[in-house]
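S.K.: Handing you this structure, nothing more for now.
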Amino acid sequence: MLSLDNAFSDEDALEFDARVRRFLKLEGEVSYTAEPKIDGLSCSIRYEKGRLVQAATRGDGRVGEDVTANVSTISEIPQRLAGAHWPEVIEIRGEVYLGHAEFAALNAAAEAAGQKTYANPRNAAAGSLRQIDPKVTAQRPLRFFAYAWGYVSAPFAETQWEALEKLRSWGFKVTPQSRCVKDADGLLAAYQAMEAERPHLGFDIDGVVYKVDRLDWQQRLGFVSRAPRWGIARKFPAQQARTVLEAIDIQVGRTGALTPVARLTPVTVGGVVVTNATLHNADEIARLDVRIGDTVILQRAGDVIPQILSHVPEERPADATPYAFPHVCPCPLHTEVVRETTASGAETVVRRCSGEFACPFQKLAHLRHFVSRRAFDIEGLGEKQLVLFNEKGWLTSPADIFRLHEKRDELLELDRFGETSVANLLAGIEARRTIALDRFIYGLGIRHIGETTAVVMARGYGSVDAFLAAMDKVAERDAEAMQELDDLDQIGGAVIEAAAAFFAEAHNRAVVQDLKAQLTVLDAEKPKTDTAVAGKTVVFTGSLERMTRDEAKAQAERLGAKVSGSVSKKTDLVVAGPGAGSKLKTATELGVQVMTEDEWLSLVGAA
Ligand code: IVH
């Protein structure tokens with residue numbers, strides 16, 4: 001399950017429309033649906049032959065929790081699809097939520113019974129859906145709106161609007177406030193209307209979702225990273241509050257960056273109690289001129305970390321002094337704090353601990369990242385255990401995790417570590433000794449290499465050995481290896497520099513080799529091999545007339561081809577449009593096959 005990019009203003013909404021039209025090369029207007037963005041929990045519910053067979057939460061997008069039993073208790077979710085003509089298999093996506101009245105009643109009952117109350121309807125819905133006992137869930141008046149679908153065995157609509165109608169006819173609730181608009185002005189009007197309706201809805205919404213109505217266009221627009229190009233979430237303005245800045249603490253991140261964190265007098269913003277806010281860096285503190293003791297204006301938008309917007313000059317205590325950023329790291333090494341530099345050597349606003357891997361905070365933060373859900377996802381190895389094992393000296397690098405079984409006897413001597421918990425922990429570790437290449441890469445915690453980039457790199461290199469061999473070359477700044485990395489989709493200068501810097505460091509190479517020796521790293525899912533262009537390296541040059549460059553690239557990659565920006569001996573195919581110049585010339589000289597856009601489209605079966 002993917003997510004949506006955010007828009008915050010009319011300009012952002014207009015830019016979204018412009019982007020869609022640019023991508024599709026359209027002169028005319030585009031129709032969109034504008035739907036309330038329900039503030040609940042997204043859920044995917046699979047129907048086979050019209051029967052509900054499985055339900056899952058979003059989780060990390062790839063793996064969620066199985067909530068079939070609990071979802072089956074929600075009366076607004078049909079056990080059997082109504083009407084007719086539903087695809088044999090369909091995954092319905094939508095939002096589980098709790099209305100305002102139901103939320104108030106639930107909290108009142110909890111309070112009367114002396115139990116914990118929920119901060120907002122969304123948390124209450126999440127808590128209710130995750131109940132271990134479906135009988136408890138059944139007593140919570142959870143509701144559901146359907147708005148999308150995942151896998152379908154056969155297409156069932158031509159537009160989003162038609163799809164919503166179908167979902168309604170199959171027995172789902174669809175937000176009545178949704179509307180279909182015919183152009184960019186319609187997007188703005190729909191937002192205004194929704195903002196006006198918001199207080200009267202009886203349930204929480206946090207914005208408006210805009211979606212390109214035509215599904216064939218959605219298909220062409222495709223996705224970037226984890227979000228579709230065909231949709232965007234226009235968020236309502238953030239909520240603000242005033243509170244007092246009590247202290248500024250410095251946190252050391254995984255990459256050694258020192259982040260000032262504001263400790264605040266607790267305050268409720270948009271239904272959530274906020275006690276901390278990030279201050280980003282020293283320059284931000286100077287820009288805001290915030291001092292300890294100041295009354296500050298705080299903003300919280302959706303799930304975003306709360307931000308300090310400004311201070312209130314009239315409320316400043318007489319003795320407040322400007323904040324002095326520390327010159328030494330708060331880590332036990334008390335290393336000197338240095339300014340971070342970019343690839344080109346320019347100073348940035350970030351201050352870092354110069355202790356690198358010798359710095360215990362960085363080490364711990366690296367390990368924390370390594371075991372996190374989207375990386376190695378090691379069950380039973382949480383924050384407490386990491387800190388404890390690190391203090392004991394048993395765990396200072398990722399490979400140590402896989403040697404922890406040697407410490408079985410010592411583990412058993414620890415407080416609160418019985419036979420079962422030690423066995424569970426070691427089993428949790430063993431379960432990850434075999435790992436997917438993308439998780440391995442992501443787990444290394446290299447700057448700028450997030451989950452999506454890790455997947456791209458894993459697919460690009462295929463195996464851990466190929467990956468590491470390539471990285472060694474990148475670290476030596478081998479031109480061909482750097483070009484090869486650059487050719488991977490969505491990988492650019494920052495990633496290349498970060499990879500080069502990471503693997504240039506002997507200590508890091510040793511940590512990685514040590515880790516690799518403990519693991520079986522699975523080869524990445526191979527790109528498609530059963531298409532006419534699978535495995536081929538393709539270069540697009542000149543202007544394309546039936547699709548945009550981005551679209552051509554996305555299509556080629558979907559079919560298992562590799563798209564490169566430059567022609568070399570390794571190029572299999574050059575697709576040349578009008579105005580092609582030097583690349584076409586090189587291709588002809590090298591004897592590389594050249595074809596027109598139309599020939600390409602018929603080759604890939606899209607003509
Ligand atoms: S469509 C590719 N429509 O917003 C994602 N999402 O940021 C397609 N949401 O995870 C999602 N109301 O939990 C869609 N009318 C709506 C929605 C909606 C709420 C949530 C959903 C999703 C998140 C996207």
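The values are calculated or read from the model by the stated rules, or taken from the named source; none is laboratory data. Because the structure is predicted, anything quoted here is derived from the model rather than measured. Using ideal geometry, Cβ is built from the backbone for each residue, glycine included, and neighbour counts are taken over all protein chains shown. Note: areas computed on protein heavy atoms with side chains; ligands, DNA, RNA excluded. Shrake-Rupley method; radii C 1.70, N 1.55, O 1.52, S 1.80 Å.
S.K.: Summarise the accessible area of the chain (1.4 Å probe, protein heavy atoms) by the percent that is carbon and sulfur.
M.R.: Answer for the chain is 50 percent, counting heavy atoms of protein chains only.
S.K.: Now for a different question. Pull out the extension gain between Arg403 and Ala82, defined as 0.36 nm times the separation in residues minus the alpha carbon to alpha carbon distance; nm, one decimal.
M.R.: In short, 110.0 nm is gained.
S.K.: Given the peptides 29-40, 397-408, arrange them by the average over their residues of other C-beta atoms within 10 Å, most packed first.
M.R.: Details: 29-40: 22.6, 397-408: 17.5.
Answer by packing, highest mean first, reads 29-40, 397-408.
S.K.: What order do you get for 248-261, 319-332 when each peptide is scored by the mean count of other beta carbon atoms within 10 Å, highest first?
M.R.: Numbers: 248-261: 18.4, 319-332: 13.7.
Highest to lowest by the protection proxy: 248-261, 319-332.
S.K.: Between Thr259 and Asp5, what's the calculated FRET efficiency when r is the beta-carbon distance and R0 is 25 Å? Round to 0.05.
M.R.: Once rounded, the FRET efficiency stands at 0.50.
S.K.: Now for a separate question. To the nearest 20 debye, what is the magnitude of the charge dipole of the chain about its Cα centre, counting +1 on the Cβ of each Lys and Arg and -1 on the Cβ of each Asp and Glu?
M.R.: Dipole about the Cα centre, nearest 20: 900 debye.
S.K.: Net charge within 11 Å of Lys562 by Cβ-Cβ distance, Lys/Arg positive one each and Asp/Glu negative one each, not counting Lys562 itself? Numbers along the way, then the final one.
M.R.: Working: positive: Arg459, Lys536, Lys553, Lys570; negative: Glu484, Asp487, Asp489, Glu557, Asp572.
That sum, taken over residues with Cβ under 11 Å, equals -1.
S.K.: While we're on this one: Once both labels are modelled 7 Å past Cα along the beta-carbon direction, what's the Ala108-Arg62 spacing in nm?
M.R.: Result: 4.6 nm between the two label points.
S.K.: Among Lys25/Lys536; Lys116/Lys384; Lys25/Lys583; Lys536/Lys569, which pairs are too far apart, with a Cα-Cα distance over 20 Å? Don't skip to the end; give the middle numbers.
M.R.: Numbers: Lys25/Lys536 27 Å; Lys116/Lys384 25 Å; Lys25/Lys583 24 Å; Lys536/Lys569 12 Å.
Exceeds cut-off: Lys25/Lys536; Lys116/Lys384; Lys25/Lys583.
S.K.: Would you kindly state how much longer the chain becomes between Met595 and Asp530 on full extension, computed as 0.36 nm times their sequence separation minus their alpha carbon distance, in nm to one decimal?
M.R.: Computed gain between Met595 and Asp530 is 21.3 nm.
S.K.: So how do 2-9, 445-452 stack up, highest first, on mean other-Cβ count within 10 Å?
M.R.: 445-452, 2-9
S.K.: Compare the Cα positions of Leu129, Pro36, Ala18 along the charge dipole of the stretch 1-155 (+1 at Cβ of Lys, Arg; -1 at Cβ of Asp, Glu; about the Cα centre) and return the one farthest towards the positive end.
M.R.: About the Cα centre, the residue reaching furthest to the positive side is Leu129.
S.K.: Continuing with this model, one more query. What does the C-alpha gyration tensor say about the overall shape of the stretch 179-290? Classify as rounded when a/c is under 1.5, otherwise prolate if a/b is larger than b/c, or oblate.
M.R.: oblate
S.K.: Taking the Cα centre of the stretch 28-133 as the origin, how large is its charge dipole in debye, to the nearest 20, when only Lys and Arg (+1) and Asp and Glu (-1) carry charge on their Cβ atoms?
M.R.: 160 debye
S.K.: Moving on. For a test of the definition: using alpha carbon positions, the gyration tensor, and the 1.5 limit on a/c, classify the stretch 1-130 as rounded, prolate or oblate.
M.R.: oblate
S.K.: Using the eigenvalues of the Cα gyration tensor, what equivalent ellipsoid semi-axes result for the chain when each is taken as the square root of five times the eigenvalue, whole Å, largest first?
M.R.: Values for the chain, descending: 39, 37, 28 Å.
S.K.: Run the numbers on the stretch 506-607 and let me know its relative contact order in percent, using alpha-carbon pairs under 8 Å that are six or more apart. Provide the component values of the computation, followed by the final result.
M.R.: Numbers: 141 pairs, mean separation 26.8, N = 102.
Normalised by residue count, the contact order of the stretch 506-607 is 26 percent.
S.K.: Select from Ile205, Ile74, Val474 the residue farthest towards the positive end of the dipole of the chain; place +1 on Cβ of Lys and Arg, -1 on Cβ of Asp and Glu, and compute about the Cα centre.
M.R.: Ile74
S.K.: Would you work out the relative contact order for the stretch 304-442, in percent, from Cα pairs under 8 angstrom that are 6 or more residues apart?
M.R.: Result for the stretch 304-442 is 16 percent.
S.K.: Which value in nm describes the separation of the simple spin-label points at Leu26 and Gln192, placed 7 Å from the Cα toward the beta carbon?
M.R.: 2.3 nm
S.K.: Now a separate question. Would you kindly derive the ³J(HN,Hα) couplings of the stretch 140-152 from the backbone phi angles with the Karplus curve 6.51 cos²θ - 1.76 cosθ + 1.60 (θ = phi - 60°), listing them in order in whole Hz, with x for Gly and Pro?
M.R.: Residue by residue, the stretch 140-152 yields 8, x, 5, 10, 8, 10, 8, 9, 7, 8, x, 4, 9 Hz.
S.K.: Describe numerically, in nm with one decimal, the distance between label points set 7 Å from Cα along Cα→Cβ at Ala517 and at Ala479.
M.R.: Going from the Ala517 label point to the Ala479 one covers 3.7 nm.
S.K.: Please label the shape of the stretch 125-216 as rounded, prolate or oblate, based on the square roots a ≥ b ≥ c of the eigenvalues of the alpha-carbon gyration tensor (a/c under 1.5 means rounded; beyond that, a/b larger than b/c means prolate, else oblate).
M.R.: oblate
S.K.: A further question follows. What number comes out for accessible area per residue over the chain if the probe is 1.4 Å? Units Å², please. If you can, show how the numbers build up before the last one.
M.R.: Working: 29190 Å² over 607 residues.
Here the residues of the chain average 48 Å² of exposed surface.
S.K.: For the stretch 223-318, what is the charge dipole size about the Cα centre, in debye to the nearest 20, if Lys and Arg each add +1 at the Cβ and Asp and Glu each add -1 at the Cβ? Intermediate results must be reported in sequence, preceding the final value.
M.R.: Working: 11 positive and 9 negative charges, 113 e Å.
Charge dipole of the stretch 223-318: 540 debye, to the nearest 20.
S.K.: Rounded to the nearest 0.05, what FRET efficiency do Asp289 and His448 have when you use their Cβ-Cβ distance and R0 = 30 Å?
M.R.: The calculated FRET efficiency here is 0.45.
S.K.: Along the charge dipole of the stretch 139-197, pointing to its positive end and built from +1/-1 on Cβ of Lys, Arg, Asp and Glu, which listed residue (Gly186, Ala196, Val152) has its Cα farthest out?
M.R.: Of the candidates, Val152 comes out farthest on the positive side.
S.K.: Right, another one. When you have a sec, figure out the Kirkwood radius of the stretch 313-410 from all distinct Cα pair distances and drop it here in Å to one decimal?
M.R.: Final number for the Kirkwood radius of the stretch 313-410 is 16.4 Å.
S.K.: Please list 3J(HN,Hα) in residue order for the stretch 328-334, calculated via the Karplus relation 6.51 cos²θ - 1.76 cosθ + 1.60 where θ = phi - 60°; whole Hz, with x for glycine and proline.
M.R.: Taking θ as phi minus 60°, the curve returns 10, 5, x, 6, x, 6, 6 Hz for the stretch 328-334.
S.K.: Full-extension gain between Arg19 and Glu315, please, as 0.36 nm times their residue separation minus the C-alpha to C-alpha distance. Walk me through the numbers before you get to the answer.
M.R.: Details: separation 296, 0.36 × 296 = 106.56 nm, distance 4.49 nm.
Full extension of this stretch gives 102.1 nm more.
S.K.: How high is the relative contact order of the chain, given as a whole-number percent (alpha carbon pairs under 8 Å, six or more residues apart)?
M.R.: Across the chain, relative contact order equals 10 percent.
S.K.: What 222 nm value per residue comes from the helices of the chain, counting each DSSP H run with n ≥ 4 as -39,500 (n - 2.57) and dividing by all residues, nearest 500 deg cm²/dmol?
M.R.: -10500 deg cm²/dmol
S.K.: Under a straight-distance cross-link criterion of Cα-Cα below 22 Å, which lysines are reachable from Lys49, leaving out those fewer than 8 residues away in the same chain?
M.R.: Lys166, Lys173
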